[in-house]
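The values are calculated or read from the model by the stated rules, or taken from the named source; none is laboratory data. Note that this is a predicted model, so its numbers are computed, not measured. Methodologically, a virtual Cβ is constructed for each residue, glycine included, from the backbone with ideal geometry; neighbour enumeration extends over all protein chains shown. For accessibility, only protein heavy atoms count, side chains too; no ligands or nucleic acids. Shrake-Rupley method; radii C 1.70, N 1.55, O 1.52, S 1.80 Å.
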Amino acid sequence: VRKGFQLRATTSGGVSLYSEAYNETIHPGLGPEGEAHRLYVEQSSFQEKLGESTKEDPLVLWDVGLGAGANALSAVRAWEEAPAGHLRIYSFENDLGLMEAAREAHRENPLHFSFVNHPSIEQILANSVFSAASQQGNKSLEWQLILGDFTGWIEQPRGAIQPPRLIFFDPYSPSRNWRMWRLPVWEGLYKFCREVDCEIFTYSRATGLRVTMLLAGFHVGRGEATGFKEETTVGATRLSSLKSPLPATWMETVKRSDASQPYVADSFETGPIAPEWLKKLAEHPQFL
Ligand SMILES: C[S@@+](CC[C@H](N)C(=O)[O-])C[C@H]1O[C@@H](n2cnc3c(N)ncnc32)[C@H](O)[C@@H]1O
């Protein structure tokens, strides 16, 4: 495959892509399709939410880190299978290398990353937009790619972007893609969606991440297991959306952990939480 990427086996016996720049394999457990489906589409009750959408009030999904497109295309496929529904996807990406690598790998072996073989991809790459609709008018899809650094964009959003009801948050991991996980990004996300009922799904279960999300204003809960991860993380603007919110006793884990410091440093750094952050965390409505 293209320079900078390699094919790698996943723990479940499939194949995924490894980025040399980030020294990391995407979706290393279940592979791109399995993880996209399980961790993002299935866990988020995507079909149910799509069922509640209307033309005037579509289901708005933010796909942060388009990458090879596994998560976004998993949502597109779910939309295709649904009897009705109005979906709007905003994908964010600053480097289309992973998408190109997946397309090359698929051309070399059609069994690999077959999800990229979808008519939307050519259009997304050429024009940054794709749309589709049913003749009866009961289904529509609008997909837009916003190219550029997400961390800069979220601090100063531009364009008429609708607040998300769902966010699939899938950068590389905090140690390698630190800027994407820092508090300002979470604060920006929260500011954008605080008025709406929004849920955000991500694969990390790090205590420092959960502390950071809570400090930004989100309610935080445990997410389902995927591959070799026994737990993931879900954030929500409404506590009632969470199936498994972190209980007040979780504060004991925070106090004991040597990696509970929020993600505020300029470069990757973990450590125990400072007393002033702990005080702020204890005031979060989720624990009162
Ligand atoms: C783990 S991969 C995403 C995999 C993808 N969700 C999929 O389903 O194929 C992480 C992606 O985040 C992108 N990314 C990293 N930092 C970014 C930034 N600052 N702004 C926008 N995208 C970024 C990377 O280029 C990479 O494609």
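Values for this structure:
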| read-out | value |
| --- | --- |
| Subset tally (residues that are assigned to a loop (DSSP other than H, G, I, E, B), open to solvent by 40 Å² or more (accessible area, probe 1.4 Å) and touching a helix residue (DSSP H, G or I) at 6+ places or on another chain (Cβ under 8 Å)) for region 171-190 | 1 |
| Those residues of region 113-154 which are within 21 Å of LEU96 (Cα to Cα), open to solvent by 40 Å² or more (accessible area, probe 1.4 Å) and not in a strand (DSSP E or B), in sequence order | SER114, ASN117, PRO119, GLU122, GLN123, LEU125, ALA126, ASN127, ASP149 |
| Selection count where residues are assigned to a loop (DSSP other than H, G, I, E, B) and more than 12 Å from the ligand (Cβ to nearest atom), scope region 24-73 | 11 |
| Some residue of region 147-166 being within 14 Å of the ligand (Cβ to nearest atom) and within 15 Å of HIS86 (Cβ to Cβ) | yes |
| Candidates ARG107, ARG103 - the one that is without any contact (Cβ under 8 Å) to a residue 24 or more places away in the chain, over 17 Å from the mean Cα position of the chain (by Cα) and within 13 Å of the ligand (Cβ to nearest atom) | ARG103 |
| Criterion (assigned to a loop (DSSP other than H, G, I, E, B) and either open to solvent by less than 30 Å² (accessible area, probe 1.4 Å) or among the β-branched types (Val, Ile, Thr) (or both)) met by exactly one of PRO157, PRO164 | PRO164 |
| Test for PRO247: is it open to solvent by less than 30 Å² (accessible area, probe 1.4 Å), in a loop (DSSP other than H, G, I, E, B) and either farther than 22 Å from SER45 by Cα or not polar (S, T, N, Q) (or both) | no |
| Residues that are open to solvent by 60 Å² or more (accessible area, probe 1.4 Å) and more than 19 Å from MET99 (Cα to Cα), drawn from region 33-50 | ARG38, GLU42, GLN47, GLU48 |
| Tally, over region 230-267, of residues that are in contact with a strand residue (DSSP E or B) (Cβ under 7 Å, 6 or more places away or on another chain), within 19 Å of ASP197 (Cα to Cα) and among the polar types (S, T, N, Q) | 3 |
| Evaluation of HIS86 against (1) open to solvent by 10 Å² or more (accessible area, probe 1.4 Å); (2) part of a strand (DSSP E or B); (3) within 12 Å of the ligand (Cβ to nearest atom) (one fails), failing number | (3) |
| Residue in region 191-199 that is among the acidic types (Asp, Glu) and in contact with a helix residue (DSSP H, G or I) (Cβ under 8 Å, 6 or more places away or on another chain) present | yes |
| Residue count for region 250-276, restricted to those that are open to solvent by 30 Å² or more (accessible area, probe 1.4 Å), more than 16 Å from TRP181 (Cβ to Cβ) and of a type outside the set (A, V, I, L, M) | 8 |
| Given (1) crowded, with 19+ Cβ neighbours inside 10 Å; (2) away from the ligand (no atom under 12 Å from the Cβ); (3) of a type in the set (Ser, Thr, Tyr); (4) at pLDDT 95 or above, index of the condition THR10 fails | (4) |
| Tabulated pairs, region 195-208, first among the polar types (S, T, N, Q), second open to solvent by less than 10 Å² (accessible area, probe 1.4 Å), C-beta under 7 angstrom, 6+ apart or interchain | THR202/PHE169; THR202/THR232; THR202/THR233; SER204/THR233; THR207/VAL254; THR207/SER260 |
| Region 13-27 residues that are at positive phi, paired with ones that are open to solvent by 40 Å² or more (accessible area, probe 1.4 Å) (beta carbon under 9 Å, 6 or more apart) | ASN23/ARG176; HIS27/GLU33; HIS27/GLY227 |
